[in-house]
Amino acid sequence: MIKFGAKRVIIAARTMSELERVKLQSGSPDRVMVYYLDLNKPKEVYIRLSELFKTEHVDILINNGGISMREDFSKMELSACETIMNTNMLSHIAATKAVLPGMKQRKFG
């Protein structure tokens, strides 16, 4: 990713130690920003990313976080379905909505 000329890459996840590991192995850790984000909380994702994107101009957003369940659907609790939907869909929509104003203002992204 950085080898293709990105000035800065922001990586986000819930596990800061894993983010730091990826940053150090990137080959250009000075260009990698780590950011704590819990995709199970779409409203928080929207608020935190909206604030971040006021100062960090983003050209490309890659939504690739997700979870799955290996349980019989008929036995799955509704709360598990909610967690899956928050993580796999609603937080990605929130991230996209957070990044759009800056992209539209710059007419790029």
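Quick notes on this structure:
- Pick from region 65-92, criterion under 15 Å from Leu37 (Cβ atoms) and in a loop (DSSP other than H, G, I, E, B), ranking: farthest from the chain's Cα centre (by Cα): Ile67
- Output for region 31-46, where each listed residue is part of a helix (DSSP H, G or I) and either at pLDDT 95 or above or touching an Asp or Glu at 6+ places or on another chain (Cβ under 8 Å) (or both): Pro42, Lys43, Glu44, Val45, Tyr46
- Selection from region 29-43 of residues that are of a type outside the set (A, V, I, L, M, F, W, C), over 11 Å from the mean Cα position of the chain (by Cα) and farther than 14 Å from Ile84 by Cβ: Pro29, Asp30, Arg31, Lys43
- From Ser50, Ser74, Ser79, residue being out of contact with any Gly (no Cβ under 7 Å at 6 or more places or on another chain), surrounded by fewer than 12 Cβ atoms within 10 Å (Cβ to Cβ), closer than 20 Å to Arg14 by Cβ and of a type outside the set (Val, Ile, Thr): Ser79
- Within region 18-44, residues that are in contact (Cβ under 8 Å) with a residue 12 or more places away in the chain reach partners that are crowded, with 16+ Cβ neighbours inside 10 Å and assigned to a loop (DSSP other than H, G, I, E, B) with beta carbons closer than 6 Å, at six or more positions or on different chains, in the pairs Val32/Ser26; Leu39/Gly65.
- Of all residues in region 93-109, those that are exposed (fewer than 14 other Cβ atoms within 10 Å of the Cβ), in a helix (DSSP H, G or I) and without any contact (Cβ under 8 Å) to a residue 24 or more places away in the chain total 2.
The values are calculated or read from the model by the stated rules, or taken from the named source; none is laboratory data. No experiment lies behind these values; they were computed from the predicted model shown. Cβ atoms come from the backbone with ideal geometry, glycine included; neighbour counts cover every protein chain shown.
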